[in-house]
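Presented below is the structure to which this report refers.
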Amino acid sequence: MMKEPIGHKFIEVRVGAEKYALAIHWIKEVIRVPAITTLPASHPYFRGVIHLRNAVLPVYLLSVLLGSDPAPAERSARIVILQLADSCIGVMVDEVIKVTGTANVQPPPDAGGTAEPALLSGLYLENGDIVGILDIVRLATLLGIES
């Protein structure tokens, strides 16, 4: 399991009612949701593709990857562009909350094999809320992308 360094910086995002954190070193940029081209016969977690600076990037619904049903995009929705090895992907979130840092990361509990804990590398408390740290390597592996 990949451990995030103590004191590492994250962006905190909201997906549905839950808060998650993504390590800043994976993030290339955060963009507003542009026009998305859907592709037929795609997985439910695959939202489509976008055109960004002469590149076509796949966009995945983080909510569905975490076990929720797809929902219409909120006005506050953003696409977080992740740099994975030689490629970039986008993950759609409902809101980008802030950039933060923490030194109090705890390991996630074993929740009996559900999809969500497998994508978490840790948890921390932020103003009384539990925030799950997404394991980007595991996410890339789940999507069949080399990281």
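The values are calculated or read from the model by the stated rules, or taken from the named source; none is laboratory data. Keep in mind it's a predicted model, so treat the numbers as computed, not measured. Heads up, the Cβs are rebuilt from the backbone with ideal geometry, glycines too, and the neighbour counts pull from every protein chain shown. We work out accessible area using only protein heavy atoms, side chains counted, and drop any ligands, DNA or RNA first. Shrake-Rupley method; radii C 1.70, N 1.55, O 1.52, S 1.80 Å.
Among the conditions (1) surrounded by 17 or more Cβ atoms within 10 Å (Cβ to Cβ); (2) part of a helix (DSSP H, G or I), V96 misses just one, which is (2).
Residues in the stretch 36-52 that are part of a loop (DSSP other than H, G, I, E, B), under 16 Å from V80 (Cβ atoms) and not aromatic (F, W, Y): how many? The qualifying residues number 1.
Answer with yes or no whether L62 is open to solvent by less than 70 Å² (accessible area, probe 1.4 Å) and among the hydrophobic types (A, V, I, L, M, F, W, C). For L62, the condition - open to solvent by less than 70 Å² (accessible area, probe 1.4 Å) and among the hydrophobic types (A, V, I, L, M, F, W, C) - is met.
Taking the numbered list (1) open to solvent by less than 50 Å² (accessible area, probe 1.4 Å); (2) out of contact with any His (no Cβ under 8 Å at 6 or more places or on another chain) in turn, N127 passes all entries but (1).
Pairs only if they're at least six apart or on different chains, beta carbon under 6 angstrom, first in the stretch 64-89 and more than 15 Å from L139 (Cα to Cα) and modelled with pLDDT of 90 or more, second in a loop (DSSP other than H, G, I, E, B) and open to solvent by less than 70 Å² (accessible area, probe 1.4 Å); list them, first residue then second. From residues that are more than 15 Å from L139 (Cα to Cα) and modelled with pLDDT of 90 or more, the pairs are A77/V33; A77/D94; I79/V33. With respect to the conditions (1) at pLDDT 95 or above; (2) open to solvent by less than 60 Å² (accessible area, probe 1.4 Å), V56 falls short on a single one, namely (2). The residues of the stretch 18-35 that are more than 11 Å from M92 (Cα to Cα), among the aliphatic types (A, V, I, L, M) and open to solvent by 30 Å² or more (accessible area, probe 1.4 Å), listed by number, are I24, I27, A35. The single condition among (1) in contact with a His (Cβ under 9 Å, 6 or more places away or on another chain); (2) part of a loop (DSSP other than H, G, I, E, B) that V64 does not satisfy is (2).
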